[in-house]
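**Student:** One structure, as structure tokens, below. Some questions next.
The values are calculated or read from the model by the stated rules, or taken from the named source; none is laboratory data. Predicted model only: the values in this text are computed from it and were never measured. As a convention, Cβ positions derive from the backbone with ideal geometry for all residues, glycine included, and neighbour counts pool all protein chains shown.
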């Protein structure tokens, strides 16, 4: 494995021009994320965390500053190079799941492999099946998104993000559309994957969810306000066990009591 | 993306909206079908006209009386008829490029015999006539040179005359009266059908020209001389040869021709150029519906791109390049249009056959129509699919992902 940090950005600025107005979405951000970290980016809407997420996700390029992803300079790459980078290095998990409707879980998970341009020979079916097993959906391969619960859909999305063995798992409000129980379920999966060595960066505005990470970065007004390790890190697997023991009608209150 | 996966992805999204796909394809089906039917009709008409022209005779050349000027006014063809049997005989003797020559002495009169009477054309001809007109006798026999020489009163009747005067019986050996002269029927001509002008070629009685001149028309001049060129490629040369011989025969030194020589190609050209214009026009009108079908595809693809903006965003986020998205949408529109083209091809063939069956028109679809139909529908798919596909490929992934 390379010794490069997974993410290294320095003095990243992003300016949007809206008519005559200039909007400074990011005003100079420095961030380094090492391999094996689980980091939560927090901030209210308008803080610039979405812009940061888009730049880290190679969906957008900074106006100024440099970005290295796994040792590769990202700023200055063209659309096609960015697309290839997203395919090879990143796995995306979105708030709204963003699965292809009327398409089986297996086909959804297989999708990133179909855009692989590295030229290696891949058994896409086997890799997709393996990835779905890893998120605990080995028995739901042929189910369509509409036949799955929100939590299960998000697990399919995580399987899709994992299938290319990315350097970084980027999750944008992954629990925003889920109820408490499913939230804990999904966070347990993220923690499990992180324990297996996968670097996870999640964007959230829920402090509860951020507590499952190892490190929290708070963004405000286009700058990093605070960057600190998590004390009292929560264990989602344990929380899940508590919830399950309390029965189907239990909610987060149980967790709060337990904590 | 591999080709097989591309096709798989395209067919998946085409099948997701079955009804919409069917309706979109319908535009192309109708367009291609209409083009095929129209080409079949136009082509059939041309084939029919060619058949009819060739039914006039093999490599036919016609010598007609020339025009004349009377007091400054041109009186048109046939004013001064100077054609004689001697001309025909000279052509027969001296024409090196002519395989057959026959004078034609025409008159129209009442024919009485069998079960009634019938007004028809009486043509006095030589034994070469059958070869020139590529005609044959179904029953009995044609007259021979000896009959012509002797001016015997024998006749060979056309199929229409036979069915009108002798319904259900074989007229060979029967007596008929042409004008006031009794003739013996020696044969019946095979049915030939209508000519290019719509005239019934079977409504005719053939007699030796000598008999016709002596007994029926009483005129030494003959209406026309028919000749057959030995070789189809030499028709023009044979025509020149005829002109030379005729000028010699009429002793025209320096004077204008007093006859006209025409060949069947000239007649055929006039007829086919008309049908060509007609079938071209029909195909042009039909291809408008193909165009409309193409616009239908473009319309649906644009709707589809808008509707699937999010899907495009997802694909881009997980690593699809713009070119991948472009190809996917192009493959979809081409698949739809080619599929529509194939169905339209089948529908066109069926439609042409049905139309031919109902109207009795000759329809013939050239084999190249298959290639043209498939090629054109693919071209329509690419042409009208390109704009929506490019629009999809140019989407910004961030905005596409946010699209509701």
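**Student:** Considering only residues of region A:80-102 that are in a helix (DSSP H, G or I) and crowded, with 16+ Cβ neighbours inside 10 Å, which is nearest to the other protein chains (Cβ to nearest Cβ)?
**Tutor:** Checking each candidate, the answer is A:87.
**Student:** Those residues that are surrounded by fewer than 22 Cβ atoms within 10 Å (Cβ to Cβ) and either within 11 Å of chain A (Cβ to nearest Cβ) or in contact with a helix residue (DSSP H, G or I) (Cβ under 6 Å, 6 or more places away or on another chain) (or both), I need them from region B:340-350; list them, please.
**Tutor:** Listed by number, the residues that qualify are B:343, B:347.
**Student:** Next question. Could you tell me how many of the residues in region B:302-323 are crowded, with 21+ Cβ neighbours inside 10 Å, at the interface with another protein chain (Cβ under 10 Å from one of its Cβ atoms) and part of a helix (DSSP H, G or I)?
**Tutor:** Number of matching residues: 6.
**Student:** Answer yes or no as to whether residue A:108 is facing chain B (nearest Cβ under 8 Å) and touching a residue at least 24 places away in the same chain (Cβ under 8 Å).
**Tutor:** In short, no.
**Student:** Still on this structure, please answer the following. Go through (1) within 17 Å of residue B:230 (Cα to Cα); (2) without any contact (Cβ under 8 Å) to a residue 24 or more places away in the chain and name the single condition residue B:101 misses.
**Tutor:** Among (1) within 17 Å of residue B:230 (Cα to Cα); (2) without any contact (Cβ under 8 Å) to a residue 24 or more places away in the chain, the lone unmet condition for residue B:101 is (2).
**Student:** When you look at residue A:132, is it more than 14 Å from every other protein chain (Cβ to nearest Cβ) and crowded, with 18+ Cβ neighbours inside 10 Å, yes or no?
**Tutor:** yes
**Student:** In contact (Cβ under 8 Å) with a residue 24 or more places away in the chain, under 25 Å from the mean Cα position of the chain (by Cα), away from every other protein chain (no Cβ under 14 Å) and not in a helix (DSSP H, G or I): does that describe residue B:287?
**Tutor:** Taking the combined requirement at face value, the residue does not satisfy it.
**Student:** Looking at (1) under 23 Å from residue A:246 (Cα atoms); (2) modelled with pLDDT of 95 or more, can you tell me which one residue A:182 breaks?
**Tutor:** Answer for residue A:182: the failing condition is (2).
**Student:** Give the residues of region B:351-404 that are surrounded by fewer than 17 Cβ atoms within 10 Å (Cβ to Cβ), more than 14 Å from every other protein chain (Cβ to nearest Cβ) and not in a helix (DSSP H, G or I), sorted by residue number.
**Tutor:** Of everything in region B:351-404, those that are surrounded by fewer than 17 Cβ atoms within 10 Å (Cβ to Cβ), more than 14 Å from every other protein chain (Cβ to nearest Cβ) and not in a helix (DSSP H, G or I) turn out to be B:360, B:361, B:362, B:366, B:367.
**Student:** Given (1) under 23 Å from residue A:187 (Cα atoms); (2) within 14 Å of another protein chain (Cβ to nearest Cβ); (3) crowded, with 24+ Cβ neighbours inside 10 Å, where does residue A:41 come up short, assuming only one miss?
**Tutor:** Status for residue A:41: all satisfied but (2).
**Student:** Still on this structure, please answer the following. Filtering region B:1-57 down to residues that are more than 14 Å from chain A (Cβ to nearest Cβ) and not in a helix (DSSP H, G or I), which residue is nearest to the chain's Cα centre (by Cα)?
**Tutor:** That would be B:56.
**Student:** Looking only at region A:149-167, how many residues end up being surrounded by fewer than 24 Cβ atoms within 10 Å (Cβ to Cβ), within 9 Å of residue A:91 (Cα to Cα) and away from every other protein chain (no Cβ under 12 Å)?
**Tutor:** Adding up the residues that qualify gives 2.
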